[in-house]
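The values are calculated or read from the model by the stated rules, or taken from the named source; none is laboratory data. On a predicted model such as this, the values are computed, not experimentally measured, just so you know. Please note: Cβ atoms are built from the backbone with ideal geometry, for glycine as well, and neighbour counts cover all protein chains shown. Accessible surface areas use protein heavy atoms only, side chains included; no ligands, DNA or RNA. Shrake-Rupley method; radii C 1.70, N 1.55, O 1.52, S 1.80 Å.
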Amino acid sequence: MPTHPPSLSKVKMELTADELKAYDGSDPSKPIYVAIKGRIFDVSAGNSFYGPGGPYCMFAGKDASRALAKMSKNEEDVSPSLDGLSEKEMAVLNDWETKFEAKYSIVGNVIS
């Protein structure tokens, strides 16, 4: 039997935080990505939320873990850092992660 290469949709990409910024919705030819706990989700289907001018556009092209945990849209909270988060905030973040997993495809991971 011939072996087939893995389909492109199954190949996970690795992006640095700087590379992730290119997927913030400012270029309509690129998908919109949001990362949670280092895992990158394609949120293009939620363009009205994460795209330019959307209520959560500040999360696009970034790891929004801290902001989601704190239920914050403040720019200084849009960070991958989980340092100092309370148990309750971590539970909120885990809830967000579960919602994203149910709704959006995981396309890769943020690397340093």
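Between LYS30 and LEU82, the simple spin-label model (points 7 angstrom out along Cα→Cβ) gives 2.7 nm.
With N counted as the residues of the chain, its alpha-carbon radius of gyration over 2.2 N^0.38 Å works out to 1.10. Accessible area per residue for the chain, computed on protein heavy atoms with a 1.4 Å probe, is 61 Å². Each helix, a run of at least 4 DSSP H residues, gives -39500 (n - 2.57); summed and divided by the residues of the chain, these come to -7500 deg cm²/dmol at 222 nm. Computed over the stretch 18-97, relative contact order equals 25 percent, with contacts defined as Cα pairs under 8 Å that lie 6+ residues apart.
Counting only lysines at least 8 places from LYS21 when in the same chain, those with an alpha carbon closer than 24 Å to its own are LYS10, LYS12, LYS30, LYS37, LYS62, LYS70, LYS73, LYS99, LYS103.
Restricting attention to the chain, close to 60% of DSSP beta bridges with both partner residues there are antiparallel. Amide H to amide H distances under 5 Å link ASP63 with ALA35, where only residues 5 or more positions off or on other chains count and H is placed in the peptide plane.
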